[in-house]
1. Quickly estimate the mean residue ellipticity at 222 nm for the chain, helices only: each DSSP H run with n ≥ 4 gives -39500 (n - 2.57), and the total goes over all residues, rounded to 500.
2. Give the cross-link partners of K89 among the lysines, using a straight C-alpha distance below 18 Å as the criterion and excluding same-chain residues fewer than 8 apart.
3. Give the aspartates and glutamates reachable from K6 as a straight Cα distance under 13 Å; neighbours fewer than 8 places away on the same chain don't count.
4. Please list, by residue number, every one of the chymotrypsin sites (Phe, Trp or Tyr not before Pro) in the range 28-97 that is coil in DSSP and has at most 16 other beta-carbon atoms within 10 Å.
5. Specify the angular offset, from 0 to 90 degrees and rounded to the nearest 10, of the alpha carbon long axis of helix 25-39 from the longest principal axis of the alpha carbons in the chain.
6. Would you calculate the separation in nanometres between label points at Q53 and M7, each defined as 7 Å from the Cα along the Cα-to-beta-carbon direction?
7. Return one number: the angle in degrees, 0 to 90 and rounded to the nearest 10, between the long axis of the Cα atoms of helix 64-81 and the longest principal axis of the Cα atoms of the chain.
8. If you take the square roots of the eigenvalues of the alpha-carbon gyration tensor of the range 1-86 and sort them as a ≥ b ≥ c, do you get rounded (a/c under 1.5), prolate (a/b over b/c) or oblate?
Amino acid sequence: MSEHEKMVKVIRFALVKIGCKINHLGFQYLCYAVELVILNPNAIHSLLKDVYQKISDEFHVGNRMTVHSSIRNVIEETYETGSFLEINKLFNLEIFT
């Protein structure tokens, strides 16, 4: 398994562990967004312009606002139903109580 494949696997595992649902369309987009930001940390400063556009191109989505909406939906759903204890464990901090 290549380093890239390991990274993708860890990203997916971490997102599932905190409660993201893999059947949600935004899950795939979110995984790819995290991957892009890990590979280029400065990309975090231009999510709409760069990251969401690359996701839109990769997944053949009509526009980057669709990507934004899908990622936002998966984040909101995870926030509402996810495990805050797992987030605390993941970061080894008490982020959520």
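Laboratory data are not the source of any read-out in this text; all were calculated from the coordinates shown. Being a predicted model, the structure only gives us computed values, none of them experimental. Positions of Cβ are generated from backbone atoms using ideal geometry, with glycine treated the same way; all protein chains shown enter the neighbour counts.
1. Details: 5 runs with 63 residues, N = 97.
Calculated from helices alone, the mean residue ellipticity at 222 nm is -20500 deg cm²/dmol.
2. K17
3. E35
4. Details: sites: Y29, Y32, Y52, F59, Y79, F84, F91, F96; in loops: F59, F96.
Filter output for the range 28-97: F59, F96.
5. Taking Cα atoms only, the helix is inclined about 90 degrees.
6. Here the modelled spin labels are 2.1 nm apart.
7. For helix 64-81, the angle is close to 10 degrees.
8. Working: a/c = 1.69, a/b = 1.16, b/c = 1.46.
Note, shape of the range 1-86 comes out oblate.
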